[in-house]
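The values are calculated or read from the model by the stated rules, or taken from the named source; none is laboratory data. None of the values given here were measured: they were computed from a predicted structure. Cβ coordinates were reconstructed from backbone atoms using ideal geometry, including for glycine residues, and neighbour counts include every protein chain displayed.
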Amino acid sequence: MSLRVAVTGPTGEIGISTISALEALPEVTEIVGMARRPFDPAAQGWTKTLYRQGDILDRDAVERLVEDADVVVHLAFIIMGSREESARVNLAGTRNVFEAVVAAARPRRLVYTSSVAAYGYHADNPVPITEDVPVRGSAEHYYSEQKAACEAALREVTAGSDLEVYVLRPCIVAGPKATALADAMPWNQLPMPVQRVAQALPLLKPPFPDPGTPLQLVHHDDVAAAIALAVTTTTAPPGAYNIAGDGVLSMSALGEALGARPVPVPRAAAVAASEVIARLPFVPSSLEWLHAGRTSVVMDTGKARDQLGWRPKYSAAETLSALAAARGHGG
Ligand SMILES: NC(=O)c1ccc[n+]([C@@H]2O[C@H](COP(=O)([O-])OP(=O)(O)OC[C@H]3O[C@@H](n4cnc5c(N)ncnc54)[C@H](OP(=O)(O)O)[C@@H]3O)[C@@H](O)[C@H]2O)c1
């Protein structure tokens, strides 16, 4: 087997690890990545990867990217951003990628990273969530809504085509090369000297509410391994696969590892806060992430293990320790 793989968003937190994993596969002979900013693949030590600057909103650029590929991996997305800007890029750009892949003659497989957020934060979601649970999204959280909409677009655009479509639904991704979760914590945005003083004096540590919602984490290298399996598998059927490291974490463990002071709060308080935010007319998009904490979205990863042969190397706890160490919180 000799595979040419095209990747959108190769420079992101998942993208860098994904390209490294693909570079290591003998059957992958050439990789072409596309994102908007300048980037030097040689600086990563990559030898099979070409990089071109381009925007997934530019249909011509997308068509040129995918036309010579056997497999297309679509990672490009705006995760942290305003509701309006992210919708513009994510919905139109992702549709461009799906349509271009279906229209091109060569690609026979499409791998798309959706998210646990596509399920939505519904009180009647089963625990744990399996892949046959409907992807409903939550309209009050822009990212969840867009992830569900992209999966709906994927089903619509690929219906009736011969394309093999693999959809991965990772939980929150973290690790030394994926620090967005830690970076998003407000106290980690303070100047470093202020952070150091706060860490030295426990009473100054910022409070971190824990409504008892369990949390999954997955290491970027394990997500990359799942993507590499989806690119190359000859046995796992197309379809959706939940991706999460072993074990669950408490919000307290997360807050503590990232330099905060956990404060238990009743689950009802998190639900009430979420309901209030959902009813407000003008909410900063960053606040919409609070909805994610109101209910369990713990996923069952048995299908990825049994059918894709995926074995995560890092548990949720090990992933958190690696993230904390990378952010200087000592694990
Ligand atoms: N990180 C997580 O916790 C997580 C969890 C579950 C699922 N996912 C999904 O996994 C995928 C990758 O996530 P990530 O964490 O790697 O994201 P990321 O770190 O934010 O990287 C996004 C990538 O997309 C590129 N990009 C953004 N807008 C683009 C555009 N208009 N045209 C071309 N490229 C564009 C970025 O480069 P430029 O800005 O230079 O264009 C970058 O390479 C996303 O679909 C995300 O929803 C992520």
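When every residue of the stretch 314-330 is checked against the conditions, none turns out to be outside any helix (DSSP H, G or I) and among the aliphatic types (A, V, I, L, M).
In the stretch 3-24, the residue that is farthest from the ligand (Cβ to nearest atom) out of those that are of a type in the set (A, V, I, L, M) and in contact with a Gly (Cβ under 8 Å, 6 or more places away or on another chain) is Ala6.
Within the set Phe98, Phe77, the sole residue that is more than 11 Å from the ligand (Cβ to nearest atom), out of contact with any Gly (no Cβ under 6 Å at 6 or more places or on another chain), in contact (Cβ under 8 Å) with a residue 12 or more places away in the chain and not basic (Lys, Arg) turns out to be Phe98.
Could you tell me whether the stretch 272-281 includes any residue that is touching a helix residue (DSSP H, G or I) at 6+ places or on another chain (Cβ under 9 Å) and either hydroxyl-bearing (Ser, Thr, Tyr) or not in a helix (DSSP H, G or I) (or both)? The answer is yes; a qualifying residue exists. Taking the criterion of being closer than 21 Å to Arg109 by Cα, without any contact (Cβ under 8 Å) to a residue 60 or more places away in the chain and either buried (at least 19 other Cβ atoms within 10 Å of the Cβ) or within 13 Å of the ligand (Cβ to nearest atom) (or both), the residues of the stretch 26-48 that qualify are Ile31, Val32, Gly33, Met34, Ala35.
Note on the stretch 1-55: residues that are among the small types (Gly, Ala, Ser) and part of a strand (DSSP E or B) total 3. Out of Pro266, Pro237, Pro281, I need the residue that is under 23 Å from Pro134 (Cβ atoms) and either at pLDDT below 95 or out of contact with any strand residue (DSSP E or B) (no Cβ under 8 Å at 6 or more places or on another chain) (or both). Which one? That would be Pro237, the only listed residue that is under 23 Å from Pro134 (Cβ atoms) and either at pLDDT below 95 or out of contact with any strand residue (DSSP E or B) (no Cβ under 8 Å at 6 or more places or on another chain) (or both).
Residue-wise test of (1) out of contact with any Ser or Thr (no Cβ under 8 Å at 6 or more places or on another chain); (2) buried (at least 18 other Cβ atoms within 10 Å of the Cβ); (3) among the polar types (S, T, N, Q); (4) in contact (Cβ under 8 Å) with a residue 24 or more places away in the chain.
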residue	(1), (2), (3), (4)
Arg279	yes, no, no, no
Phe282	yes, no, no, no
Ser296	no, yes, yes, yes
Thr301	yes, yes, yes, yes
Tyr314	yes, yes, no, yes
Leu320	yes, yes, no, yes
Ala324	yes, yes, no, yes
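Has the stretch 96-105 got any residue that is assigned to a loop (DSSP other than H, G, I, E, B), over 30 Å from Phe282 (Cα atoms) and either among the hydroxyl-bearing types (Ser, Thr, Tyr) or over 21 Å from the mean Cα position of the chain (by Cα) (or both)? Yes, the stretch 96-105 contains a residue that is assigned to a loop (DSSP other than H, G, I, E, B), over 30 Å from Phe282 (Cα atoms) and either among the hydroxyl-bearing types (Ser, Thr, Tyr) or over 21 Å from the mean Cα position of the chain (by Cα) (or both). The single condition among (1) within 11 Å of the ligand (Cβ to nearest atom); (2) small (Gly, Ala, Ser); (3) farther than 15 Å from Pro170 by Cα that Ser115 does not satisfy is (3). Hey, does the stretch 49-62 have a residue that's β-branched (Val, Ile, Thr), within 8 Å of the ligand (Cβ to nearest atom) and free of Cβ contacts under 8 Å to residues at least 40 places away in the same chain? No: the stretch 49-62 contains no residue that is β-branched (Val, Ile, Thr), within 8 Å of the ligand (Cβ to nearest atom) and free of Cβ contacts under 8 Å to residues at least 40 places away in the same chain. The requirement of being at pLDDT 95 or above, buried (at least 19 other Cβ atoms within 10 Å of the Cβ) and not in a strand (DSSP E or B) is fulfilled nowhere in the stretch 180-189; no residue meets it.
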